[in-house]
1. If I ask for residues that are crowded, with 18+ Cβ neighbours inside 10 Å and free of Cβ contacts under 8 Å to residues at least 40 places away in the same chain, which ones from the stretch 158-169 would you list?
2. In the stretch 136-157, how many are in contact (Cβ under 8 Å) with a residue 60 or more places away in the chain and crowded, with 17+ Cβ neighbours inside 10 Å?
3. What residue, among those in the stretch 169-186 that are modelled with pLDDT under 90 and not hydroxyl-bearing (Ser, Thr, Tyr), is farthest from the chain's Cα centre (by Cα)?
4. Picking from LYS136, LYS155, LYS97, which residue would you name as being of a type in the set (Lys, Arg) and farther than 21 Å from GLU73 by Cβ?
Amino acid sequence: MKNKKQYFSLFIVIVVVSSILLYKHQTDAETVKVKIGQLNQFTKDEIKAAVRTVKEKFKGYKGCTLTDLWYSEKDSLAITKDYMNNGGGYETVVGDKNVIVLLSNFKVDSSGGDGSWKPNSTQTRYTWTLIRNNEKGKWRVEQAEDNYTDADHVKVRIGLSKKFTKDDIITAFENVKKEFNKVDTNKGCTITELHYSEFQAIEADTIQAYMEDENAIVVFSTIKTAPTVVGGWEANKMKDNFGWTLVRNSKKGKWRVKDAGYAFDLNLFFLTNAML
């Protein structure tokens, strides 16, 4: 009889614990605040399907908790345009009506997630670019990246990387800004955007063998030139995809700019600019 009571007590404990865990799982899912803004490009059902796809993808972000997920038509169209012109979108044939962008906020625990994030931090305006083959097709996440404005009012975009940590990339960005400001022929010109795309970096790697090394990185920038002609720049223009190749002696070493130039067609060549 005593054993039966012990087994029954143990059964009750298991049921209670299981119920708590199940409730917690359901509660966690419900804490994701989903907001859908003005709709012209997509229907509400299309966006809901995209939301479900992102939530499923996010399950792979260890040590992270998704808190906010939203659709902003203005942001989505702007990022889609950039993706179609400069990112992997120029190789797809789906068209911009089959590309959608969602934005999100999420929390990172003390482990730093998989090591790519700052421990105990909150990531804001993290973007998800989804594509589908046609209007009846299923959404799939094609690109995910940080999207924010830094302390110098430079727009920053950092895609997922298997090669570098987020800190590696940010440090490279800071080095690029310092190097750019040191050059006299850049006076009056401004870096307005910096971004790291694994897709573009891999293409550049195929051109320069040393870029396959973990101690070399290629980042890209948008530069607003001065109203008057300065150095080799064309006056009063926005220059997209100006690339910067940086190297370091070791993983703990400091980045230094090795080359800078326009990547007209990364599959053919990486043209070194005489600026540096």
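The values are calculated or read from the model by the stated rules, or taken from the named source; none is laboratory data. Quantities reported herein were computed from a predicted structural model and do not represent experimental measurements. Note: ideal-geometry Cβ built from the backbone for every residue, glycine included; neighbour counts use all protein chains shown.
1. Within the stretch 158-169, ILE158 is the sole residue that qualifies.
2. Counting residues in the stretch 136-157 that are in contact (Cβ under 8 Å) with a residue 60 or more places away in the chain and crowded, with 17+ Cβ neighbours inside 10 Å gives 5.
3. Looking at the filtered set, the residue picked out is ASP184.
4. Just a single option satisfies the conditions, and that option is LYS136.
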